[in-house]
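A quick write-up on the structure given underneath.
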Amino acid sequence: MPENEFEKQVQQKMEEFRVRPSAEVWTAVEERIREKKRRRFIFWWPLLLLIGGGIAAGILLLNDRRENKGPLSGTDTDAVTVPSRDISQPEEKNSAAGIATDNSETKNTPGINGTGDVAETKPVSQQQDVTAPASLPVGTGSLSNKAPAHLVKSKNGRKGKRVAAQPTTLHTSVDEIGKSTSEVPASATIKPAVTDAEVQPVIDTDVSTKISTPDSAGKEDAKTFVAAVTLPVKTDSVAQPVSVNIPAKEKKKQAWQRSFTFSLGRSTVVDSAGLGFFRGNSVADMYVSGGGGSGTTPGLSRFVGPSTVYNSTSFSAGMQWSKKINRKLELQLGAGYSYLSSRIKVGNRADSSRFINNSLSANLVTRDYYRYDSAGRTNNYRNQYHFISLSAGLSLRVVQGKKFSLDWVNNLAYRRLFFSTMLHYDGTIPGYYKDNSLLNRNQFFFTTGLSVPFQKGFALEPYFSYGFTPVLKKGNGSAKHYADVGIRISFLLNKK
Amino acid sequence: MSDQQLVKDCLRGKPEAQRQLYEQYAESMLGVCYRYTKSLRDAEDVLQDGFVKVFLGMHQYKFEGQLGAWIRRIMVNTALNFLKRNRKYRDEMYFTEQESLHPVTDTNPEISLQAKDLANMIRQLPQGYQTVFNLHAIEGYSHVEIGELLGISDGTSRSQYARARALLISWIEKDSQETKTKKYAGK
C-alpha cells in the first residue's frame, strides 16, 4: 500500500485524471453486447429445442401407448360396439366364427324377471383381462348355456384374435365372467372391469338386465358407471361376432434398434459462451492461483506461464439403443465411455514434494507438479479426462429421400469423470500442479449433430458437444466448460 | 438516477441506462486504461473490452461497495489481460534488475505536474515498472497480490516498484527543474 506523501499525491492526481473516449468506443461496445447476447441465445436454443422436443416426444409416446392399449384394454370407445342387428341371422355364421351359442338355452335363463330390474349386485372384480366385456357372460359355453347368445366373446378369450368379420369388441375375462355369472341370476347387476369410455352394447331383446361396472381395482369411483346392458332373452337372438384387432405394426414399433458407436474428434475447455475452441484459450481463465501472464518466473527474465490451452484428441465408444417414436422422431438412449483432452505447455516435472496453499487448494502436499526451469523451457502436457456416460436424446429426420436421409440428433448426457490428469496453475510454484478434488466429477453435456444414415447399416454423424457443468467446482475468473467436436460413426447391430 | 437504479435498468437491458452508465464512467475509466497502455488506441480497446464485461457481467455486481470501484477493478483486470495477450506488451514485460539505471530513492517530491503529464510520465516507464507502479501506487494492491496477479514473487514486485518510483521521481524532478529554468528565462 502506498505509505508516503509521494504515493498520495500520485493517487490524488490520477483520481482527477480523465480522458474522453472517441464516439466509436460506445458504438463498438453496444454492438458487441448485442452480438454476445445473440451468441448466448444461439448457443442455448438447441437445448431449449431439445427440451421442447422431449416434451413433444413424451406426449407422442403417451398417445402411442394409449393407442396400443385401446383395443386391448377396453378403454377405447370405438372398440366396444355391438351393432344392433336383426336377430334372425343364421347360426352358421357364429359357428363359422368359432363361437358357441345356444339360443335355446337363453330362453330359460333363470333370474330374469322380465322387467330387467336388478335383483342382486355381485361385482366381478377380477375379470380385467379385457377381451370380452363384462357384460357378456352370456351365450358362451363358459356360461353353462344359461345366458343369451347375443353377446359373445372370442372362443379362446384372447386379445387380438379376429373372431368374425362383424367387429364387436367385447372386454372382459371370459373365465372369470363365466364363473361369476354362472352363479348369479341373469337379472343380477354385474360389475365388469370397463371404463367410462366403454359403450353399452345395444341388443334387441325383450327382457333386459342392468349390469354395472366397477373399475379394475374394484373401486367404485366417479369413473365407474353402470352400463346398462340389455341382456337378451329372446330365443331367436343371434350373437354378433366379436373382433379385436391389434395392428401388427404396433408391435413392430416397439423394437429397439441397437448400435455400436465410436467417435473421434478434438476437445478442449472453453469459456461459457463456447468460444476459444480453435484459437486457444486465454490463459487467465484457466489458472487456479496467480499468474496473469505479465510477470516472470523468479530467476527468469521473462514471462512463461500459465499456458494457453489448446484443443486435443477426444474419442468415445459405446452402445446406443434407438426406437422410432413416429415417422420422423426417434428416441435414442446410450451408454459408454468418453475421453476428452486438452493440451498445455508446462515446465519439467519436479522430483520432490511440494506444499500448495492457495485460494483453491488448501494445505495440499503433492508430488504431482511441474515447474519451469531457469531457461523457461516448456513441454507439451495433455490434460486427460475419462468419463463414463449415459445419454438420452432425440433424432429428427430433416431430410427423407430415397438415396439420402439426414437426421438432426440432439442429446443430453450425464457423464461421470472417473480419472483425470488435469493440472492447475499456481503462480507461487511457479508452474502446474495436480489436484483432482477441484474437478466437478458429475458433468452434464449437450450434444447436437447431423447424422447421415447409410444403407449398409452405419451412420456418420458430425457433432458438437458442450458440457454445461463447469470443469472446476470453483475457480478464479469465468467458468470453463468442456467442448468437443468430431465425427461419430454408428454401426447398426440388428438392422432391419 | 442512483447507481442502484442504473444497474437494475441495465440488467433489464435498457439501452438508455447502459448509455448513461457508460457516459458516467467512461472518461475516468479511460484514464485508468490509459495508464496501463502505451497508446490511446490501445487504451480505448481496453475500455471497450472492459465495458462489454461490465454489461455482460452486471448480474455479478452485488451492490456491495461502490459501482465505480467495481467497474474500475474490471478495467484493471481487463488491462492486465490485454497486456499479456498483446505481443507488443508481453515481449517488453521484463523484470530485469537495473540498479545502475534506476537507483532507489526515498524522497517525496511535491508533484506540480498536471494529471495528464503525470499519467504520460507513468506511461513512459518500462512496461514491467509501469504495471507494478500502477497496481501498487494507484490501485493500492499489496506486493503479494501483485505477485499473484503477475506471476512474480512479492520480492520482485517490491524491487520493481522501488525502481519505478525512483525513475519517476527523477523525471518529475527533472521536469520541475526545466520548468523553473524556463520560468527564470522568461523573466
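Counting only alpha carbon atoms, the long axis of helix B:115-124 and the longest principal axis of chain B meet at about 70°.
Packing, as the average of other Cβ atoms within 10 Å across residues, places the peptides A:422-434, A:378-390 in the order A:422-434, A:378-390, highest first.
Give the B-A buried accessible area in Å², both sides summed, 1.4 Å probe, nearest 100. Show your work: numbers first, answer last.
Numbers: alone 11030 and 25980 Å², together 32400 Å².
Between B and A, the summed buried area is about 4600 Å².
Shielding value for B:161-170 is 1, the average number of Cβ atoms from other chains within 10 Å of each residue's Cβ. Once the Cα atoms are used to define both axes, helix B:67-85 deviates from the longest principal axis of chain B by about 60 degrees. Contact with the other protein chains removes 50 Å² or more of accessible area, compared with the isolated chain and a 1.4 Å probe, from these residues of the range A:18-36: A:Arg18, A:Val19, A:Pro21, A:Val25, A:Trp26, A:Val29, A:Arg32, A:Ile33.
Rounded to the nearest whole Å², what accessible area per residue is found for chain B with the 1.4 Å probe?
On the way: 8810 Å² over 187 residues.
Heavy-atom accessible area per residue stands at 47 Å².
FRET efficiency for the pair A:Tyr414 and B:Glu173, taken as 1/(1 + (r/R0)^6) with r the Cβ-Cβ distance and R0 = 56 Å, rounds to 0.25. Shown for the range A:354-496: lysine pairs separated by 8 or more places, or found on different chains, whose C-alpha atoms are under 22 Å apart, numbering 11.
Which entries of A:Lys345/B:Lys88; B:Lys62/B:Lys116; B:Lys116/B:Lys182; A:Lys37/B:Lys62 show an alpha-carbon separation above 29 angstrom in the structure shown?
B:Lys62/B:Lys116
What is the percent carbon and sulfur in the accessible area of the range B:3-88, measuring with a 1.4 Å probe over the protein chains and ignoring ligands? Carbon-and-sulfur percentage of accessible area, whole number: 45.
The listed peptides A:311-317, B:162-168, ordered by packing as a protection proxy, come out as B:162-168, A:311-317 (highest mean of other Cβ atoms within 10 Å first). Suppose we compare each residue of the range B:9-42 in its chain alone and in the full protein complex with a 1.4 Å probe; which ones drop by at least 50 Å² of accessible area? Residues losing area: B:Tyr22, B:Glu27.
Take A:340-346, A:465-471 and order them by the average number of nearby Cβ atoms within 10 Å per residue, most first; the result is A:340-346, A:465-471.
The convex hull drawn around the Cα atoms of the range B:3-88, when projected onto a plane and averaged over every direction, covers 5.3 nm². Remark on A:Leu493: its backbone amide H falls under 5 Å from those of A:Arg258, A:Ser259, A:Phe260, a criterion applied only to residues 5 or more positions apart or on other chains, H modelled at 1.01 Å from N.
Inter-chain Cβ neighbour count for B:133-140, averaged per residue, equals 4 (cutoff 10 Å, partner chain atoms only). Among all stretches of chain B without exposed chymotrypsin sites (Phe, Trp or Tyr not before Pro) (DSSP loop, at most 16 other Cβ atoms within 10 Å), which one is longest? With a cap of 16 other Cβ atoms within 10 Å, the longest stretch comes to B:95-187. A full extension of the chain between B:Arg90 and B:Glu145 corresponds to an added length of 17.8 nm, given 0.36 nm per residue minus the alpha carbon distance. Just to be sure I understand: if I project the alpha-carbon convex hull of chain B onto a plane and average over all orientations, what area do I get in nm²? Approximately 13.3 nm², given one-decimal rounding. Going by a ≥ b ≥ c, the root eigenvalues of the Cα gyration tensor, does the range B:115-186 fall in the rounded group (a/c under 1.5), the prolate group (a/b larger than b/c) or the oblate group? Prolate shape, in that a/c is at least 1.5 and a/b is the bigger ratio.
For the residues of A:407-414, the average number of beta carbons from a partner chain within 10 Å of their own beta carbon is 0. Against chain B, whose longest principal axis is taken from its Cα atoms, helix B:15-36 shows a tilt of about 20°.
The values are calculated or read from the model by the stated rules, or taken from the named source; none is laboratory data. Note that the structure is a prediction, hence the values are computed from the model and not measured. We place every Cβ from the backbone using ideal geometry, glycine too, and count neighbours over all the protein chains shown. Heavy atoms of the whole protein, side chains included, go into the accessibility calculation; ligands, DNA and RNA do not. Shrake-Rupley method; radii C 1.70, N 1.55, O 1.52, S 1.80 Å.
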